[in-house]
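The values are calculated or read from the model by the stated rules, or taken from the named source; none is laboratory data. Treat the numbers as computed from the prediction; the structure is a model and nothing was measured. For neighbour counting, all protein chains shown are included, and Cβ atoms are generated from backbone atoms with ideal geometry for every residue, glycine included.
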Amino acid sequence: MIGKYSSALVAVVLIIALAPTAFAAPLKSSSKIVNIRSDRGGQISRYVQRANLYARTSSILRFSGPCDSACTLFLSVPKRKLCIKKGASFGFHLPYGSSDAANALAARYILKKDPSWVRSWIRANGGLKARIERMDYAYARRFMRPCLGNK
């Protein structure tokens, strides 16, 4: 009976062991690299437009420094188009703007767009707050492939 399942167990172990290598596959040379080194965010609607554009094109987003506030909407781009370098971090906070109702709507939108691993981190850190809470490289790297090369 054990022999019957041992080959399946070996296959699962190999898939898990090789997953980081497969996940870090080189990017296509035709891809446009967008470097995000120190982005403090800004108007949510502009970041939504840019994230939608990056999702539709061959752009690859390379996070190598702080990405705060509305910049974190870029994490909604398909995972295969994102990579992370040491020094990257992500800052999350409650939206603020013209009215409480608009801020609440923006917060719901952002949480809906965030990938599940980001929503889990936000929940584990007490939800969105008025001040920035920073997700560090070590946590984000668990869910994003490393960027290859120095370019």
* **When residues of the stretch 98-151 are limited to those that are in contact (Cβ under 8 Å) with a residue 24 or more places away in the chain and among the hydroxyl-bearing types (Ser, Thr, Tyr), the one farthest from residue 39 (Cα to Cα)** => 109
* Scan the stretch 121-145 for residues that are more than 21 Å from residue 81 (Cβ to Cβ) and not in a loop (DSSP other than H, G, I, E, B) and report the count. => 6
* To do: Out of the residues in the stretch 118-151 that are over 15 Å from residue 76 (Cα atoms) and among the polar types (S, T, N, Q), state the one that is surrounded by the most Cβ atoms within 10 Å (Cβ to Cβ).
  => 125
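Condition check ((1) of a type in the set (S, T, N, Q); (2) at pLDDT 95 or above; (3) touching a Cys at 6+ places or on another chain (Cβ under 8 Å)) across all residues:
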| site | (1), (2), (3) |
| --- | --- |
| 89 | yes, yes, yes |
| 96 | no, no, no |
| 107 | no, no, no |
| 119 | no, yes, no |
| 127 | no, no, no |
| 136 | no, yes, no |
